Amino acid sequence: MSYTEDNRSRYVEELKEFLRIPSISTLSENKADIRRAAEFTAAQLRQAGMGNVELIEGEGNPLVYGEWVQAPGKPTLLFYGHYDVQPPDPLNEWISPPFEPEIRGENIYARGAADDKGLTLILVKAVEALMATRGVLPVNVKFLIEGEEESGGEHISRYVASKPSRLQADAAVICDTEMFAPELPTLCIGLRGIVYGELIVKGAKQDLHSGVYGGAAPNPIMAAAEILTALKDRDGRIRIPGFYDRVRPPAPQELEAWSRLPFDEEKYRSEEMGSSALTGEPEFTLFERLWARPTLEVHGIRGGFTGEGAKTVIPAQALVKLSARLVADQRPEEAVEQIQKAVAAACPLGVTAEFRPFHCGGPSLINPDNPFIRAAADAMTEVFGKPTVYVRSGGSIPITALFDRHLGIPSVMMGFGLPDDNLHAPNEKLYLPNFYRGIDAVSLYLDIVAQG
Ligand code: BES
Ligand code: ZN
């Protein structure tokens with residue numbers, strides 16, 4: 001038996017310990033848990049034999065750094081992951097509690113199992129295994145693990161912009177994406193960017209009786225609905241002037257490769273999504289809509305009366321959480337301005353409306369014709385026993401665009417999650433065979449990269 005096989009049960013115990021920490025970055029009440037998760041991550045890096053391990057403090061949640069750079073002349077890889085997680089609600093839909101990891105069948109269930117504690121630990125354990133068996137690594141490795149990926153925090157952006165020489169590397173390696181299908185080794189070469197913010201619509205100076213004032217008073221919730229429908233039409237076309245101007249269409253070869261992916265659209269609709277129809281711009285294929293077109297989505301609306309029973313009120317205010325996903329070559333700052341202008345233009349009489357951005361991240365598109373990507377495809381193909389496919393994803397990992405901009409390096413995104421892992425949803429899970437194969441694939445990757 002190999003070292004990694006011998007150590008599987010310990011890996012799972014350590015993963016469980018990590019998963020028990022409710023490191024939810026968007027809620028201020030979890031600050032102490034965030035710190036515990038950062039400290040746990042640092043201890044993991046030390047145990048793996050990394051040096052100069054430290055928590056990097058600054059505005060926002062701590063970054064965790066560690067390195068092993070004793071392979072002169074060999075390439076340097078920057079390993080990225082995140083120790084923070086999304087909130088677990090709705091709680092009553094979880095079969096086992098979100099922060100009490102439970103193994104059922106071959107899956108481990110907990111918030112963060114796949115996104116991203118399990119996959120971050122793949123990187124750590126791959127390095128740990130090589131250090132434990134050989135005492136050295138075949139290449140240089142730097143770890144930079146953040147704690148506010150899920151909430152759009154900017155600590156890591158400022159750090160990467162300010163410390164390019166410390167982080168200097170030949171490629172970033174990220175395990176925070178999915179396999180296209182079970183057993184199908186997958187590299188992700190494109191991610192969407194994001195602009196997330198709040199639309200605040202204000203009407204009268206206070207809530208009003210809807211009988212006494214209805215017919216004369218502006219209604220901010222109705223106004224919000226009008227603004228939203230002006231921003232996007234029934235066919236899913238975004239009606240914000242200029243929004244599509246910089247959108248780069250995928251190359252014909254890439255579209256052709258997507259059309260050959262093993263995929264059953266009807267099964268995707270009925271089983272994975274469980275909705276009565278797929279929506280979006282009718283003139284584009286599903287993968288174009290998911291991976292190569294921008295979106296505009298509403299996440300929640302607050303305002304007026306939502307308690308039990310009835311209350312006749314015209315609310316004074318409405319608040320809409322909304323985001324746009326961006327594709328290459330859209331620019332987040334420009335998208336914010338375009339949204340703000342379109343909101344102002346659509347704002348009806350009697351209310352004010354303002355879009356306030358919380359956070360932004362650029363899209364990223366990686367050229368797969370790159371030795372670090374090819375080495376990753378070889379490692380995945382070897383471990384999974386099938387040719388590796390290249391896909392994009394509609395999700396965002398904002399730091400990838402900044403690794404490109406500030407460090408000039410590509411991100412190699414080796415995916416070990418599965419489409420049914422329930423990221424950001426109840427009953428998030430990780431398929432344990434992928435955890436083990438991920439560890440083997442990453443350690444093999446280091447050897448292949450070292451051979452050049
Ligand atoms: N790991 C995900 C992104 C992802 C999911 C990429 C699936 C590819 C496949 C990441 O942790 C995530 O969810 N990011 C947020 C970022 C945002 C809050 C800035 C996202 O995409 O919503
Ligand atoms: Zn993630």
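Out of all the residues in region 135-151, which are touching a Gly at 6+ places or on another chain (Cβ under 8 Å) and of a type in the set (D, E, K, R)?
Lys142, Glu146, Glu148, listed by residue number.
Given Ala375, Ala379, Ala342, which one is open to solvent by less than 30 Å² (accessible area, probe 1.4 Å) and within 17 Å of Ile240 (Cβ to Cβ)? Please lay out each step first, then the result.
On the way: Ala375 fails: within 17 Å of Ile240 (Cβ to Cβ); Ala379 fails: within 17 Å of Ile240 (Cβ to Cβ).
From the options Ala375, Ala379, Ala342, the qualifying one is Ala342.
From the list Tyr431, Tyr390, Tyr445, which one is at pLDDT 95 or above, over 17 Å from Val173 (Cβ atoms) and surrounded by 18 or more Cβ atoms within 10 Å (Cβ to Cβ)?
Working: Tyr390 fails: over 17 Å from Val173 (Cβ atoms); Tyr445 fails: over 17 Å from Val173 (Cβ atoms).
After ruling out the rest, the residue left standing is Tyr431.
For the condition open to solvent by 20 Å² or more (accessible area, probe 1.4 Å) and of a type outside the set (D, E, K, R), what is the one hit in Gly135, Gly147? Outline the logic, then answer.
Details: Gly147 fails: open to solvent by 20 Å² or more (accessible area, probe 1.4 Å).
Of Gly135, Gly147, the one residue that is open to solvent by 20 Å² or more (accessible area, probe 1.4 Å) and of a type outside the set (D, E, K, R) is Gly135.
Restricting to region 156-176, count the residues that are within 14 Å of Glu59 (Cα to Cα), open to solvent by 10 Å² or more (accessible area, probe 1.4 Å) and within 16 Å of ligand 1 (Cβ to nearest atom).
2
Mind checking whether some residue in region 171-185 is away from ligand 2 (no atom under 16 Å from the Cβ) and closer than 20 Å to Leu402 by Cβ? Please lay out each step first, then the result.
Restricting attention to region 171-185, the residues satisfying the condition of being away from ligand 2 (no atom under 16 Å from the Cβ) are 171, 180-185.
Subset that is closer than 20 Å to Leu402 by Cβ: 171.
Looking for residues that are away from ligand 2 (no atom under 16 Å from the Cβ) and closer than 20 Å to Leu402 by Cβ, one finds at least one in region 171-185, hence yes.
If a residue has to be over 17 Å from Leu123 (Cβ atoms), of a type in the set (A, V, I, L, M) and in contact with a Ser or Thr (Cβ under 9 Å, 6 or more places away or on another chain) to count, how many in region 165-188 make the cut?
The number of residues fulfilling the criteria is 1.
Residues of region 186-237 being out of contact with any helix residue (DSSP H, G or I) (no Cβ under 7 Å at 6 or more places or on another chain) and within 16 Å of ligand 2 (Cβ to nearest atom), which ones?
Across region 186-237, the qualifying residues are Thr186, Cys188, Arg192, Ile194, Tyr196.
In this structure, is Gly438 at pLDDT below 95 and crowded, with 20+ Cβ neighbours inside 10 Å? Break it down into steps so the answer makes sense when it comes.
On the way: at pLDDT below 95: no; crowded, with 20+ Cβ neighbours inside 10 Å: yes.
So Gly438 fails the test.
Go through (1) modelled with pLDDT of 95 or more; (2) on the phi < 0 side of the Ramachandran plot one by one and return the number of the condition Gly280 breaks.
(2)
Which residue out of Phe305, Phe263 is more than 27 Å from Ile200 (Cα to Cα) and open to solvent by 20 Å² or more (accessible area, probe 1.4 Å)? Can you show your working first?
On the way: Phe305 fails: more than 27 Å from Ile200 (Cα to Cα).
Unique residue meeting the criteria: Phe263.
Would you check which residues across region 396-421 are surrounded by fewer than 20 Cβ atoms within 10 Å (Cβ to Cβ) and under 26 Å from Tyr109 (Cβ atoms) and list them?
Pro419, Asp420
Just name the residue that is surrounded by the fewest Cβ atoms within 10 Å (Cβ to Cβ) out of those in region 104-132 that are β-branched (Val, Ile, Thr) and under 23 Å from the mean Cα position of the chain (by Cα). Steps first, answer last, please.
Kept after step one, since they are β-branched (Val, Ile, Thr), are these residues of region 104-132: 108, 120, 122, 124, 127.
Now drop any that are not under 23 Å from the mean Cα position of the chain (by Cα), which leaves 108, 120, 122, 124.
Working: Ile108: 22, Thr120: 27, Ile122: 28, Val124: 25.
Restricting to residues being β-branched (Val, Ile, Thr) and under 23 Å from the mean Cα position of the chain (by Cα), the top hit is Ile108.
For residues in region 177-212 being within 12 Å of ligand 1 (Cβ to nearest atom) and either at pLDDT below 95 or more than 23 Å from Asp329 (Cβ to Cβ) (or both), which is surrounded by the most Cβ atoms within 10 Å (Cβ to Cβ)?
Restricting to residues being within 12 Å of ligand 1 (Cβ to nearest atom) and either at pLDDT below 95 or more than 23 Å from Asp329 (Cβ to Cβ) (or both), the top hit is Met179.
Testing Gly280 on (1) outside any helix (DSSP H, G or I); (2) exposed (fewer than 13 other Cβ atoms within 10 Å of the Cβ); (3) of a type in the set (Gly, Ala, Ser), one condition comes back false. Which one is that?
Going through (1) outside any helix (DSSP H, G or I); (2) exposed (fewer than 13 other Cβ atoms within 10 Å of the Cβ); (3) of a type in the set (Gly, Ala, Ser) one by one, Gly280 breaks only (2).
How about region 255-279: which of its residues are in contact (Cβ under 8 Å) with a residue 60 or more places away in the chain and within 23 Å of the chain's Cα centre (by Cα)?
Let us first name the residues in region 255-279 that are in contact (Cβ under 8 Å) with a residue 60 or more places away in the chain, namely 257-258, 261-263, 272.
Trp258, Leu261, Phe263, Glu272, listed by residue number.
Could you tell me whether any residue of region 21-35 is under 17 Å from Ile122 (Cβ atoms), within 18 Å of the chain's Cα centre (by Cα) and open to solvent by less than 70 Å² (accessible area, probe 1.4 Å)?
So in region 21-35, the residues under 17 Å from Ile122 (Cβ atoms) come out as none.
Taking every residue of region 21-35 in turn, none turns out to be under 17 Å from Ile122 (Cβ atoms), within 18 Å of the chain's Cα centre (by Cα) and open to solvent by less than 70 Å² (accessible area, probe 1.4 Å).
Six or more apart or on different chains, Cβ under 9 Å: which pairs go from a residue in region 361-390 that's acidic (Asp, Glu) to one that's loosely packed, with under 15 Cβ neighbours inside 10 Å? Could you list them?
From region 361-390, no pairs qualify.
Under 6 Å between Cβ atoms, which residue pairs at least 6 apart in sequence (or on different chains) link something in region 419-433 that is closer than 15 Å to Gly112 by Cβ and in a loop (DSSP other than H, G, I, E, B) with a partner that is basic (Lys, Arg) and open to solvent by less than 30 Å² (accessible area, probe 1.4 Å)?
What qualifies is Asp421/Lys429; Glu428/Arg111.
The values are calculated or read from the model by the stated rules, or taken from the named source; none is laboratory data. Keep in mind that what you see is a predicted model, and the values were worked out from it rather than measured. Because the Cβ atoms are built from the backbone with ideal geometry, glycine has one as well, and the counts that use them run over all protein chains shown. Please note that ligands, DNA and RNA were not included when accessible areas were found on the heavy atoms of the full protein model with its side chains. Shrake-Rupley method; radii C 1.70, N 1.55, O 1.52, S 1.80 Å.
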